[in-house]
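What follows draws every value from the coordinates through simple rules; no lab data is involved. Bear in mind that the values here come from a model prediction, so they are computed numbers and not experimental data. Please note: Cβ atoms are built from the backbone with ideal geometry, for glycine as well, and neighbour counts cover all protein chains shown.
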Amino acid sequence: MSKADPKKFHIKSFGCQMNVYDGERMSELLAGQGLSAATNSEDADMVVLNTCHIREKAVDKVYSDIGRLRRKDGSSPMIAVAGCVAQAEGKEISRRAPSVDIVVGPQAYHRLPELMETAKSGKKALDTDMPAVSKFDVLPSRGKQARPTAFLTIQEGCDKFCTYCVVPYTRGAEISRPWSDLVDEAKALVDGGAREITLLGQNVNAWTGEDDKGHHQGLDGLIRALDKIPDLKRIRYMTSHPNDMTEGLVAAHGDVEKLMPFLHLPVQAGSDRVLKAMNRSHSAQSYLDILEQMRKVRPDIALSGDFIVGFPGESDQDFEETLQIVRDAKYAMAFSFKYSPRPGTPAAMMEEQIAPEVMDERLQRLQSLLNEQQYAFNQQTVGRTTNILLERKGKLDSQLIGKTPWLQSVHIISPDLKIGDLVEIEITQAGPNSLTGEIKERIAA
Ligand code: SAM
Ligand code: SF4
């Protein structure tokens, strides 16, 4: 193995699904350069750490991961730090961690091959530009898919500037990828074996574009176009912002069969005072109103969300209002975090930062309520007949794991079925995090 001329790469992605997508695109790019994929970093002579900057711990983890890449003989592979930490920290990374050869931001990773050439010559390579030419125009087209489920980034960046969040700074301004590129990429993913596509964006429902007839379209229009791809069986999207939830998108949940009954719609907090300080520009009630509309057209929709506890100035009463909105909204699953001050964001400068022990206690109370709701949601589905798309092998012999339309994991035993099959099952048991099912019938996939 040689750092001067790497042959095998390994990419480790942290954080959101958009990073997973970027990791896949970088992997295709490096494969196109003649490098082959290694299953772990020890076997690789080029390692990409595709980082996340959303919370403080994520940054610390990157530096400890860089340290761990050092080999017993003191050498290290070629190391590239990509993603949002690369964007935010820039040169600081190779100053703090001299073993890092390449620092590349989320809008510049299509330039990895050139950056590798610089690194091969022993120089440090840095690219955190937000270039005018989109990376999507130069990345290789999609080929055979390793899994039946694929991600497709349709929108990037954010103009919302929630006061706690680094995304508008690390991912840049909001852009929507063009309609025809997305339809083509979706078709290529399906030709490559994908049966489910999750459309991704920081604010995926802010996506807009013009269709091939020049008509203005929103996310619902794009979903309806993808619905026409015959071998595509399931469509999902995330993450949505309450302010961009259109009537058209709600209506699509009522009549597009391939659009799965799942909605990831973060509210962050239940107190209007806190929502205002967060610059969320929606209220607790306007959030609940969206859910009411959605449940009218799709009563079985599984709701998912994100929460932040301990935002500066959050009082006991504010926190009680967060618990109340959880009780009112009823979640099938959710992600909850302690507020983490991010450098350069307005909230980091606010007075009244909340003590860590108060945050811990609030997070525990919130998570136990959310866990209760998740378990209750899972239990409600017992006895139901539904379909699952088989995604991976389980730990037991002939065990396969698939996902329901509501994104729950189901374990089944079958020596005859394979990954990628869509099967009808009856849900026989529910635990807090997964379900067990029995096969009824295989559906042509
Ligand atoms: N655009 C999405 C939205 O507005 O809901 C979310 C994108 S963000 C990458 C994912 C989640 O990370 C947020 O919904 C929020 O709950 C959490 N998050 C963002 N900044 C945070 C911070 N400074 N501290 C703790 N959690 C944070
Ligand atoms: Fe961050 Fe808010 Fe934009 Fe979501 S909407 S990415 S939380 S600034």
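Observations
- Using only alpha carbons, region 253-327 has a radius of gyration to Kirkwood radius ratio (Rg to Rh) of 1.04.
- Percent of Cα pairs in region 181-222 per distance bin of 10 Å, from zero to the largest separation: 25, 50, 24, 0.
- Pairs of Cα atoms nearer than 8 Å and 6+ residues apart set the relative contact order; for the chain it is 10 percent.
- Between Arg273 and Ser99, the simple label model (points 7 Å from Cα in the Cβ direction) yields a spacing of 4.9 nm.
- Counting other Cβ atoms within 10 Å as a rough exposure proxy, the listed residues Glu441, Glu314 run Glu441, Glu314 from fewest neighbours to most.
- Sequence-separation-based contact order of region 404-445, relative, with Cα cut under 8 Å and 6+ spacing, percent: 43 percent
- What the Cβ-Cβ distance of Glu424 and Ser398 gives, at R0 = 22 Å and to the nearest 0.05, is a FRET efficiency of 0.75.
- Taking a sphere under 14 Å around the Cβ of Glu321 and counting the other residues whose Cβ falls inside, with K and R at +1 and D and E at -1, yields a net charge of 0.
- Cα convex hull of region 14-76, projected area averaged across orientations, nm²: 4.8 nm²
- Cα-based radius of gyration of region 238-286 once divided by 2.2 N^0.38 Å, which approximates compact folds: 1.33
- Among Tyr21, Tyr109, sorting on how many other beta-carbon atoms sit within 10 Å of each Cβ, with the fewest leading, yields Tyr21, Tyr109.
- Computed FRET value (nearest 0.05) for Val297 with Lys61, which takes r as the C-beta separation and R₀ as 41 Å: 0.50
- Candidates Leu422, Leu139, Ser76 compared by Cα position along the dipole of the chain: farthest toward the positive end lies Ser76, with charges placed on Cβ.
- Extension gain for Asp255-Glu372 works out to 39.0 nm (0.36 nm per residue, less the C-alpha to C-alpha distance).
- Two-decimal Rg to Rh for region 295-411 - Kirkwood Rh, Cα set: 1.09
- From the Kirkwood radius over Cα pairs of the chain, Stokes-Einstein at 37 °C and 0.692 mPa s returns a whole-number translational diffusion coefficient of 141 µm²/s.
- Where labels lie 7 Å past Cα in the beta-carbon direction, separation of Leu323 and Thr208 in nm: 4.1 nm
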